[in-house]
Amino acid sequence: MAWVILVLSGILEAVWAVALGESGGLRRRVPTVVFVVALIASMIGLALAMGTVPTGTAYAVWVGIGASLTVLCAMVRRQEAATAGRLAMLALLIGSVIGLKVVS
């Protein structure tokens, strides 16, 4: 169950990162509220997962999921280029997150 919570928390990390970018420096109300709620929920989930999953592994997985999804979102929205090199690096990052689960 800790791993499920950790993955959901990583997804919420991407949500708050995207919302923060959309908030216009915390000036736009709806993205700011989404940012705050997702941030709090993500941190609570990370904390709960760290009760079972080792801290270093939990943090690396959380950041890896959040970073991967944030970049993929930017690529889908055409805010960042989806080059072969960038996609290859994302594949390595996602592979590393999966690898951390496998070896845990």
Please give the number of the condition ALA17 fails out of (1) small (Gly, Ala, Ser); (2) surrounded by fewer than 19 Cβ atoms within 10 Å (Cβ to Cβ); (3) touching a residue at least 40 places away in the same chain (Cβ under 8 Å). (2)
Here the residues within segment 51-97 that are touching a residue at least 40 places away in the same chain (Cβ under 8 Å), over 13 Å from ALA14 (Cβ atoms) and either small (Gly, Ala, Ser) or part of a loop (DSSP other than H, G, I, E, B) (or both) are GLY51, THR52, VAL53, PRO54, ALA58, ALA60
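Okay, residues lined up against (1) at pLDDT 95 or above; (2) under 13 Å from the mean Cα position of the chain (by Cα):
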{"residue": "ARG29", "(1), (2)": "yes, no"}
{"residue": "ALA41", "(1), (2)": "yes, yes"}
{"residue": "VAL53", "(1), (2)": "yes, no"}
{"residue": "GLY66", "(1), (2)": "yes, yes"}
{"residue": "SER96", "(1), (2)": "no, no"}
{"residue": "SER104", "(1), (2)": "no, no"}
Look at VAL30 and say whether it is free of Cβ contacts under 8 Å to residues at least 24 places away in the same chain and either outside any helix (DSSP H, G or I) or surrounded by 12 or more Cβ atoms within 10 Å (Cβ to Cβ) (or both). no
Here are the criteria: (1) more than 12 Å from the chain's Cα centre (by Cα); (2) in a helix (DSSP H, G or I); (3) not basic (Lys, Arg). Tell me which single one LEU6 does not satisfy. (1)
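The values are calculated or read from the model by the stated rules, or taken from the named source; none is laboratory data. These numbers come from a predicted model, not from an experiment. Using ideal geometry, Cβ is built from the backbone for each residue, glycine included, and neighbour counts are taken over all protein chains shown.
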